[in-house]
Ligand code: UFG
């Protein structure tokens, strides 16, 4: 497998994955509509790797513009599909925005996978598909509970679509259910850099530390967890990136078609919001101004991953610690605010 199309390749996980793919000698093409990311990310990728991926500014919901890329590029060996909106609370407020962007974009892309006979497809799914599960860790065979947000529903629908289209399209599919990717590449040229105000926990932590936000709101302190705050499985974004390269390798070695594997991409460790904040404060020596608030609409209380399948199928495990996640996230914030 040589030529890989990365949708959403200027986004957070997308850009880190592009770096890992380039470093593993793939030819990478990026499609991104830059609605939530910045063009300068491409420069960051080039500075990190010394290689410049081809870039198309196109919206996946614009079927004609999308098809032009397929026409121009000729044979595409694999697709890694990131392009989607990802904010849980925004999806509760604007569900149709999420269904339109995340579902329609995937439909268009899959139609072109069929038409242009792309054989390998990796889909960005999310641990949010599990809903609120009482028995942790969650494994791929855990029965899904109802989605807690429209964002999560779009990921459930995406997986369901792949389950259906794999029967028809002669290709192989993987859905990677990411847990919570955080941190940044150590070189310092790419990181979490949305063109909208971020509302994920780590950019809010680093943004508060640097003075962009007055204080950090902690959503929930009386939940049924060990310290009352939510539990998540944080994973360094470069470890997540490497899981995609491993997924493409796995796909390229398959001898059959019409398969769809669902694989958790997590560390296997549950960390509370308060523990993550404490780790940041310890690593950086900065005390954050914080305030407790009600739980956020659409949030699950606790989730972390069973990692058996990812290590068995992909021969992949996480390498980076919580401290490295916090340090690289902070380095990135500092580098981008001077
Ligand atoms: N949180 C706060 N304060 C904040 C922001 C977040 O307390 O200012 C809490 C949330 O309530 C939650 C935890 O921090 O308990 C993590 O929240 P994030 O927004 O960072 O991430 P989510 O768990 O909501 O996960 C979502 C998607 C994932 C995706 C992740 C990162 O469900 O698929 O965002 O984009 F990977």
**Message:** Checking the condition touching a strand residue (DSSP E or B) at 6+ places or on another chain (Cβ under 6 Å), in a loop (DSSP other than H, G, I, E, B) and surrounded by fewer than 21 Cβ atoms within 10 Å (Cβ to Cβ), which residue from 199, 221 passes?
**Reply:** 221
**Asked** List the pairs whose first member sits in region 11-36 and is touching a residue at least 24 places away in the same chain (Cβ under 8 Å) and farther than 15 Å from residue 52 by Cβ, whose second member is assigned to a strand (DSSP E or B) and within 16 Å of the ligand (Cβ to nearest atom), and whose Cβ atoms are under 6 Å apart, counting only residues at least 6 apart or on separate chains?
**Response** 13/181
**Asked** Going by the structure shown, is residue 235 outside any loop (DSSP other than H, G, I, E, B), within 15 Å of the ligand (Cβ to nearest atom) and within 15 Å of the chain's Cα centre (by Cα)?
**Response** yes
**Request:** Considering (1) in a helix (DSSP H, G or I); (2) away from the ligand (no atom under 12 Å from the Cβ); (3) under 26 Å from residue 324 (Cβ atoms); (4) more than 20 Å from the chain's Cα centre (by Cα), say which one residue 208 fails and leave the rest.
**Result:** (2)
**Request:** Starting from region 141-170, keep only residues that are farther than 17 Å from residue 298 by Cα, then list their pairs with residues that are within 16 Å of the ligand (Cβ to nearest atom) and in a loop (DSSP other than H, G, I, E, B) whose Cβ atoms are within a distance under 8 Å, requiring at least 6 positions of separation or different chains.
**Result:** 142/133
**Request:** Could you grab the pairs with beta carbons closer than 8 Å, sequence gap of 6+ or different chains, first residue in region 215-229 and more than 15 Å from residue 290 (Cβ to Cβ) and modelled with pLDDT of 95 or more, second one within 6 Å of the ligand (Cβ to nearest atom) and part of a loop (DSSP other than H, G, I, E, B)?
**Result:** 223/230
**Asked** Only one residue in 113, 69, 118 is assigned to a loop (DSSP other than H, G, I, E, B) and over 20 Å from the mean Cα position of the chain (by Cα), so which one is that?
**Response** 118
**Evaluation of residue 312 against (1) in a helix (DSSP H, G or I); (2) surrounded by 21 or more Cβ atoms within 10 Å (Cβ to Cβ); (3) out of contact with any helix residue (DSSP H, G or I) (no Cβ under 6 Å at 6 or more places or on another chain) (one fails), failing number** = (2)
**Message:** Out of 246, 187, I need the residue that is assigned to a helix (DSSP H, G or I) and either away from the ligand (no atom under 14 Å from the Cβ) or modelled with pLDDT of 95 or more (or both). Which one?
**Reply:** 246
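Listed here are the residues, each with its yes/no results for (1) farther than 29 Å from residue 161 by Cβ; (2) surrounded by fewer than 19 Cβ atoms within 10 Å (Cβ to Cβ); (3) in contact with a helix residue (DSSP H, G or I) (Cβ under 6 Å, 6 or more places away or on another chain).
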{"position": "258", "(1), (2), (3)": "no, yes, yes"}
{"position": "263", "(1), (2), (3)": "no, no, yes"}
{"position": "266", "(1), (2), (3)": "no, no, no"}
{"position": "301", "(1), (2), (3)": "no, yes, no"}
**Request:** Hey, can you tell me all the residues within region 37-52 that are free of Cβ contacts under 8 Å to residues at least 60 places away in the same chain and in contact with a helix residue (DSSP H, G or I) (Cβ under 6 Å, 6 or more places away or on another chain)?
**Result:** 49, 51, 52
**Hey, residue 329 surrounded by fewer than 21 Cβ atoms within 10 Å (Cβ to Cβ), assigned to a helix (DSSP H, G or I) and either away from the ligand (no atom under 15 Å from the Cβ) or touching a residue at least 24 places away in the same chain (Cβ under 8 Å) (or both) or not** = no
**Prompt:** When residue 158 is evaluated against the numbered criteria (1) surrounded by 18 or more Cβ atoms within 10 Å (Cβ to Cβ); (2) in a helix (DSSP H, G or I); (3) out of contact with any helix residue (DSSP H, G or I) (no Cβ under 6 Å at 6 or more places or on another chain), which criterion, by number, is the only one it fails?
**Reply:** (3)
**Request:** Please find, within region 265-299, the residue that is nearest to the ligand (Cβ to nearest atom) out of those that are in a helix (DSSP H, G or I) and within 19 Å of residue 128 (Cβ to Cβ).
**Result:** 273
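The values are calculated or read from the model by the stated rules, or taken from the named source; none is laboratory data. These numbers come from a predicted model, not from an experiment. Cβ coordinates were reconstructed from backbone atoms using ideal geometry, including for glycine residues, and neighbour counts include every protein chain displayed.
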